[in-house]
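The values are calculated or read from the model by the stated rules, or taken from the named source; none is laboratory data. Source: prediction; values computed, not measured. Cβ: placed from backbone, ideal geometry, glycine included. Neighbour counts: every protein chain shown. To get the accessible areas, we keep the full protein, side chains included, count just its heavy atoms, and leave off ligands, DNA and RNA. Shrake-Rupley method; radii C 1.70, N 1.55, O 1.52, S 1.80 Å.
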Amino acid sequence: MTVGPARGEVAVLRAVQGRLGTPPVVGAARAMSFFGEHAAGWIALGALGAALDAPRRRQWVTAVGGVVAAHGVSIAVKRVVRRRRPHDPRVAVHVGTPSRLSFPSSHASSTTAAALLYAGLVGGAGAGAATLLVPGMALSRLVLGVHYPTDVLAGSVLGTACALGARRAVRRGSVGRWRTA
């Protein structure tokens with residue numbers, strides 16, 4: 001099955017790039033893209049949390065599992081849906097990608113899962129900061145011209161579902177409890 005962009009999505013991409021596509025913003029978006037590639041940055045942060053927070057190591061490992069699941073499921077969905085990345089000549093592409101498939105955004109999936117799961121483990125101001133990462137990563141994918149708006153929305157929904165699944169494992173008592181963010 002091959003799915004194209006919804007009506008108006010190219011116009012949204014062009015508007016986002018027109019307003020935000022300055023060199024500093026594009027540079028920050030590229031850095032976010034690099035960090036989130038294959039969920040590697042989020043996995044590394046979770047591994048660091050597990051290494052430094054021995055009393056809650058099992059919760060951290062479960063959270064990392066939720067992030068990995070979000071990334072893996074997003075890749076599987078991409079292979080089924082097969083939506084091509086934006087290729088309109090009016091949309092600037094500012095970063096390379098590992099594939100030509102865009103739906104859902106794996107960056108949005110893993111970032112959402114990480115924000116929801118890690119926020120519950122760090123608590124306080126760290127939890128608030130974690131939740132700000134989701135819209136930032138989603139917007140970065142539009143600024144870079146590599147996803148349509150519905151790609152990042154679907155990625156965030158998928159990441160939320162994976163985070164809820166990981167939290168359910170914790171609530172069943174098989175892993176241990178954490179604060180809710």
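Quick notes on this one:
- Residue (of Ala163, Gly145, Ser106) at the positive-pole extreme of the chain, dipole from beta-carbon charges: Ala163
- Counting only whole DSSP H helices of the chain, the ones at least 27 Å long by C-alpha along their axis and with mean Kyte-Doolittle hydropathy no lower than 1.0 are 124-143.
- All Cα pairs of the stretch 131-173, percent lying beyond 15 Å: 50
- The residues of the stretch 11-160 have, on average, 45 Å² of accessible surface per residue, using a 1.4 Å probe with all protein chains present.
- Amide hydrogen proximity for Val3: with H placed 1.01 Å from N in the peptide plane, the residues at 5 or more positions away or on another chain lying under 5 Å are Arg83, Arg84.
- Max-minus-min Cα coordinates of the stretch 82-134 on each principal axis give 44, 21, 14 Å, with the largest extent listed first.
- Taking the Cα atoms of the chain, the ratio Rg/Rh between the radius of gyration and the Kirkwood radius comes to 1.00.
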